[in-house]
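Colleague: Please see the structure below; I have some questions.
The values are calculated or read from the model by the stated rules, or taken from the named source; none is laboratory data. The structure presented is a predicted model; accordingly, all values stated were derived computationally and were not measured. Note that we place each Cβ from the backbone using ideal geometry, even for glycine, and neighbour counts take in every protein chain shown. For the accessible areas, the whole protein counts, side chains as well, though only heavy atoms, and no ligand, DNA or RNA atoms are used. Shrake-Rupley method; radii C 1.70, N 1.55, O 1.52, S 1.80 Å.
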Amino acid sequence: MSPQLAAAYGACRNITRASAKNFKYAFLMLPAQKRDALCAVYAFMRHADDLSDEPGRTAAERRQKLDAWRDALHSAVAGHPTENPALLAAADTQRRFKIPIELFDQLVAGTEMDIAAEQPSGTAPAIHYRTFDDLRRYCYHVASVVGLISIRIFGYHDPEAEPLAERCGVAFQLTNIIRDVREDAAMSRVYLPEQDLARFGRSASDLAPARLSNGFQPQSFRPVLELEAERARELYRSADRLLPLIDAESRPALWVLVEIYRRLLEKIAARGYDVFSQRVSLSTTEKLSVLSRGFLRRLTA
């Protein structure tokens, strides 16, 4: 590995340590080469997310920047020089692990979907997915694709691993959506499906900032959040079937990641699905507890 490439991977590790609140714990379970590869993917994805949310830019400008970011990766994969460490490391990871470049394109497409979901500043939040199937297509682009990339780094031989990884990605994203309802609404984004809200007498207007700050009753959203949580639990069961299908040295990492997200979901449930009073997260101690069990699984594998 050239000094420039080694430095690029080092920069991606720093980005992951600083920003990946849950993923970084799972990455510690992996051999160095696989850990570095996932850090490169995370750094590429993190920059795409930042471009899609960049303040002071119009939607058209942010789409243009995302297109340029995607094209820059294609250029780096083709062998053209780049000084950007995330691009350099992601291109090396793509070649080393034979990851279809189309999966990186789909990651960028997922961030573009968030731009499309925006409402003008100051307007009431609007629903962007009518049915759960519509929401699931969004989850595929922003999370399942990450799973499909990750299992190529983990290593697998049975093609059944791919649909299972897709399902796990949807479970992770549903957990994020449940946790972030209030924060997303503040950005005029509502990911809960229109049909699900209507089923329990709720609507996007219930999440308008004025209502959330004036006598809002968190329990009014509990039924719809319970519905999404039960869907996530069913999807998490795919992880139990996926674990034996990936390389043994990678299984503890996947186990840690799934366990952290499952515990987060159950912590939300234990709070009665009140994700409005404060942001729900696992403490560092709770994550380290999961990590220690992951290390034990690696030692006894």
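Colleague: So, with a 1.4 angstrom probe, what is the percent of accessible area on the chain that is carbon and sulfur? Present the calculation step by step, with values, prior to reporting the outcome.
Modeller: Numbers: 6890 of 13520 Å².
With neighbouring chains kept in place, the figure for the chain is 51 percent.
Colleague: Kindly write out, for segment 33-41 in residue order, the coupling ³J(HN,Hα) from the Karplus curve 6.51 cos²θ - 1.76 cosθ + 1.60 (θ = phi - 60°), rounded to whole Hz, with x marking Gly and Pro.
Modeller: 5, 6, 4, 5, 4, 5, 5, 5, 4
Colleague: While we're on this one: Kindly report, to the nearest 10 Å², the accessible surface of I15 as traced by a 1.4 Å probe over protein heavy atoms only.
Modeller: 60
Colleague: Please report, in debye to the nearest 20, how large the charge dipole of the chain is about its Cα centre when each Lys and Arg carries +1 at its beta carbon and each Asp and Glu carries -1 there.
Modeller: Values: 41 positive and 38 negative charges, 192 e Å.
My answer is approximately 920 debye.
Colleague: Please report the orientation-averaged projected area of segment 13-78, defined via the convex hull of its C-alpha atoms, in nm². Could the numbers behind the result be given before it?
Modeller: Numbers: hull surface 20.7 nm².
Average of the hull's projected areas for segment 13-78 equals 5.2 nm².
Colleague: Just the accessible area for M29, please: 1.4 Å probe, Å², rounded to the nearest 10?
Modeller: 0
Colleague: Also, quick follow-up: Between the helical axis of 85-96 and the dominant principal axis of the chain, each derived from Cα atoms, what acute angle in degrees is found, rounded to the nearest 10?
Modeller: Value to nearest ten degrees: 70.
Colleague: Loop-only check: which GluC sites (Glu not before Pro) in segment 1-104 are DSSP coil with at most 15 other Cβ within 10 angstrom? Numbers along the way, then the final one.
Modeller: Details: sites: E61, E83, E102; in loops: E83.
Qualifying residues, ordered by number: E83.
Colleague: Tabulate in residue order the Karplus-calculated ³J(HN,Hα) for segment 149-156, using 6.51 cos²θ - 1.76 cosθ + 1.60 with θ = phi - 60°, rounded to whole Hz; enter x for Gly and Pro.
Modeller: 3J(HN,Hα) across segment 149-156, in whole Hz: 5, 4, 5, 6, 7, 4, x, 7.
Colleague: What length, rounded to one decimal in nm, is gained on full extension from D133 through to N14, with 0.36 nm per residue of separation minus their alpha-carbon distance?
Modeller: Working: separation 119, 0.36 × 119 = 42.84 nm, distance 3.63 nm.
Full extension from D133 to N14 adds 39.2 nm.
Colleague: Rounded, prolate or oblate: which one fits the chain, using the alpha carbon gyration tensor with axes a ≥ b ≥ c (rounded when a/c is under 1.5, else prolate when a/b beats b/c, else oblate)?
Modeller: Here the chain falls in the oblate category.
Colleague: For segment 61-109, what is the charge dipole size about the Cα centre, in debye to the nearest 20, if Lys and Arg each add +1 at the Cβ and Asp and Glu each add -1 at the Cβ? Kindly include the intermediate steps, with their values, before the conclusion.
Modeller: Details: 7 positive and 7 negative charges, 25 e Å.
In debye, rounded to 20, segment 61-109 gives about 120.
Colleague: Rounded to whole Hz and in sequence order, give me ³J(HN,Hα) for segment 11-22 from the Karplus expression 6.51 cos²θ - 1.76 cosθ + 1.60, θ = phi - 60°, writing x for Gly and Pro.
Modeller: 5, 5, 4, 5, 4, 5, 4, 7, 10, 8, 5, 10
Colleague: Please check the chain for the longest run free of trypsin sites (Lys or Arg not before Pro) that are loop-located per DSSP (anything but H, G, I, E, B) and have at most 16 other Cβ atoms within 10 Å. Could you put the intermediate results ahead of the total?
Modeller: Numbers: sites that count: K21, R57, K98, R130, R271, R279.
Maximal segment without exposed cleavage sites: 131-270.
Colleague: Looking at the square roots a ≥ b ≥ c of the eigenvalues of the Cα gyration tensor of segment 219-301, which shape do they give, rounded for a/c under 1.5, prolate if a/b is larger than b/c, or oblate?
Modeller: Numbers: a/c = 4.32, a/b = 1.73, b/c = 2.50.
Oblate, because a/c is 1.5 or more while a/b does not exceed b/c.
Colleague: Next question. Quick check for you: with a 1.4 Å probe and neighbouring chains kept, what is the accessible area per residue of the chain, in Å²?
Modeller: Values: 13520 Å² over 301 residues.
Result: 45 Å² of accessible area for each residue.
Colleague: Additional query: What is the set of long-range amide H partners of Y156 at a cut-off below 5 Å, with H atoms built 1.01 Å from backbone N?
Modeller: Result for Y156 returns D247.
Colleague: Can you list the GluC sites (Glu not before Pro) in segment 144-215 that are in a DSSP coil and have 15 or fewer other beta carbons within 10 angstrom? Intermediate results must be reported in sequence, preceding the final value.
Modeller: Working: sites: E160, E166, E183, E194; in loops: E160.
Taking segment 144-215 and a limit of 15 other Cβ atoms within 10 Å, the loop GluC sites (Glu not before Pro) found are E160.
Colleague: A further question follows. Once you sort the root eigenvalues of the Cα gyration tensor of segment 29-178 as a ≥ b ≥ c, which label holds: rounded (a/c under 1.5), prolate (a/b larger than b/c) or oblate (the other case)? Don't skip to the end; give the middle numbers.
Modeller: Values: a/c = 2.29, a/b = 1.23, b/c = 1.85.
Oblate shape, in that a/c is at least 1.5 and b/c is the bigger or equal ratio.
Colleague: Next question. To test your reading of the geometry: what angle, between 0 and 90 degrees and rounded to tens, separates the Cα axis of helix 284-300 from the longest principal axis of the chain?
Modeller: For helix 284-300, the angle is close to 40 degrees.
Colleague: Along Cα→Cβ, 7 Å out, is where each label goes; now give me the distance between the ones at S75 and M187 in nm to one decimal.
Modeller: Computed distance between label sites S75 and M187 equals 2.7 nm.
Colleague: Taking the Cα centre of each part, how many Å lie between segment 209-283 and segment 22-89?
Modeller: Segment 209-283 and segment 22-89 have Cα centres spaced 26 Å from each other.
Colleague: Taking H placed 1.01 Å from N in the peptide plane, check which residues at least 5 places from V190 or on another chain put their amide H under 5 Å from its amide H.
Modeller: Result for V190 returns A126, H128.
Colleague: Between I101 and R297, what's the calculated FRET efficiency when r is the beta-carbon distance and R0 is 25 Å? Round to 0.05. Before the final figure, lay out the partial values.
Modeller: Working: r = 33 Å, r/R0 = 1.33.
E(calc), rounded to 0.05, equals 0.15.
Colleague: Now for a separate question. Taking the simple approach of a point 7 Å from Cα along Cα-to-Cβ for both A59 and E286, what is their distance in nm?
Modeller: 3.6
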